[in-house]
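The values are calculated or read from the model by the stated rules, or taken from the named source; none is laboratory data. What you see is a predicted model, and the numbers here were worked out from it, not measured in a lab. Here the Cβ positions follow ideal geometry from the backbone for every residue, glycine too, while neighbour counts run over all protein chains shown.
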Amino acid sequence: MPVKLPKDMTFLIVDDVDNMRRSIKAMLKLLNYGRDYYEAPNGRDAWKILQDKDIVFDFIISDYYMPHMSGTELLNLVRATKKTRDIPFLMITAEANMDIVAEAAEHDVDAYMTKPFVTATLEQKINELLDHQNNPDQMTRHLLEARDLDERGNLNGAIQEATRAAALNSRSSRPFRELGRLLLKKGEFKKGQLCFEKAIELNRLDVSSYHALGQIYFRLNQVEKAMQFFSRAMEISPRHSDRALNFAKLLLKKNCLPEAEKILKMVLKSKANDIDLREEVGDTCAQHNLFDLAIKTYQEVLKDDPERFYLSKKIGMTLLKADEKNEALKILEKVAEKFPEDIDVLLTLAKTYFGMRMKARADWWVSKLLRIDPKHEEAREIARNCI
């Protein structure tokens, strides 16, 4: 179905710099492109706007680097949602480095444009995208048909269409990646593996295919081989560390602690500015006996963000698990001073001192707890034994 004429379109402009959004809007108006314009300062706010059922968007122009949600994270959501997945998406970047190209290709960005640019360049890119939207090449037609058949439950038909797409363009990794996905869905892992291997042979930046191969080899219990593919994906595009973190969690479930620790350290290195994710890594380590890495991670996060004083409790509790009682007690006592009604900390202090046969200290802390909760059975038992 042909898209609208540019003058009748609704544009969404996403950039964290106000002047940039205004500049793009002015260029569009100069070209007489667009009837309505919406703006967002980041991907998160843009995604909220895209959820409005009363607005049909025809074109998205988005910056790559933005706070809260990047351009490719927005693109990923757009492509994964039926209502928005076919909207032309023009990515704007300060530089087209390997990382950006890999991410954009993975999520099927329609085109990207580097800053600074002029009105004529913007016009050219928009026209190219709309022409491709109106007149998709045959490979794209087969892939769209494969998508529709897959959604209707005709997996064999979808595989046939993806096979035709691959035959039409033996230089593109995209049809082989899609064919591999469909074959995995059917349970034909060996054939799927061959397709993903072909995809990375054609495109050494095809991050999705590296991840898929990592998952396949993990299922085959070839952990070292799986790690090679996940590591390569991280080298190409460190921002995909969420999948590497999930892989580390799978390794931990299999009790492959050294291998998991190696992946977790890679995640920490690649996401040095993502404090929330670093804390999640710390939690994962603490839960799976990687105590040294957990403590170090918590300490570094707390140093970067002193407002997260609650991490001191996590550090103290993890030190106890690592049998570093003296250091743990020093930290937990400071936590108790700041949060005097934290029953969990008070009980831990009482139990630890009691286990060390320091009954006076145990009684001190259990008495504080019982003033808050006089009926706490475990605390009352410790108090009785301290007499």
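A search for C-beta distances below 8 Å between a residue of region 333-362 that is in contact (Cβ under 8 Å) with a residue 60 or more places away in the chain and any residue that is of a type outside the set (Asp, Glu), counting only pairs 6+ apart in sequence or on different chains, returns nothing. Could you tell me whether any residue of region 312-335 is part of a loop (DSSP other than H, G, I, E, B) and over 25 Å from Leu252 (Cα atoms)? No, region 312-335 contains no residue that is part of a loop (DSSP other than H, G, I, E, B) and over 25 Å from Leu252 (Cα atoms). Checked against (1) assigned by TED's automatic domain parsing to the domain that holds Leu183; (2) within 30 Å of the chain's Cα centre (by Cα); (3) in a helix (DSSP H, G or I), Lys125 passes all but a single condition, namely (1).
Suppose we keep only residues that are part of a loop (DSSP other than H, G, I, E, B) and either at pLDDT 80 or above or polar (S, T, N, Q) (or both) within region 231-273. Which one would you say is nearest to Tyr64 (Cα to Cα)? Steps first, please.
Step one: filter region 231-273 for residues part of a loop (DSSP other than H, G, I, E, B), giving 237, 254-256, 271-273.
From what is left, the residues that are either at pLDDT 80 or above or polar (S, T, N, Q) (or both) are 237, 254-256, 273.
Working: Ser237: 14, Lys254: 37, Asn255: 38, Cys256: 36, Asn273: 17 Å.
Only one residue fits best here, namely Ser237.
Could you please find all residues in region 336-354 being loosely packed, with under 14 Cβ neighbours inside 10 Å and assigned to a loop (DSSP other than H, G, I, E, B)? Answer for region 336-354, where residues must be loosely packed, with under 14 Cβ neighbours inside 10 Å and assigned to a loop (DSSP other than H, G, I, E, B): Pro340, Glu341.
Regarding Arg22, is this residue among the basic types (Lys, Arg) and surrounded by 14 or more Cβ atoms within 10 Å (Cβ to Cβ)? Please lay out each step first, then the result.
Details: among the basic types (Lys, Arg): yes; surrounded by 14 or more Cβ atoms within 10 Å (Cβ to Cβ): no.
Judged against the criteria, Arg22 is not a match.
With respect to the conditions (1) at positive phi; (2) assigned to a helix (DSSP H, G or I), Asp276 falls short on a single one, namely (1). Of all residues in region 39-58, one or more are part of a strand (DSSP E or B) and buried (at least 17 other Cβ atoms within 10 Å of the Cβ).
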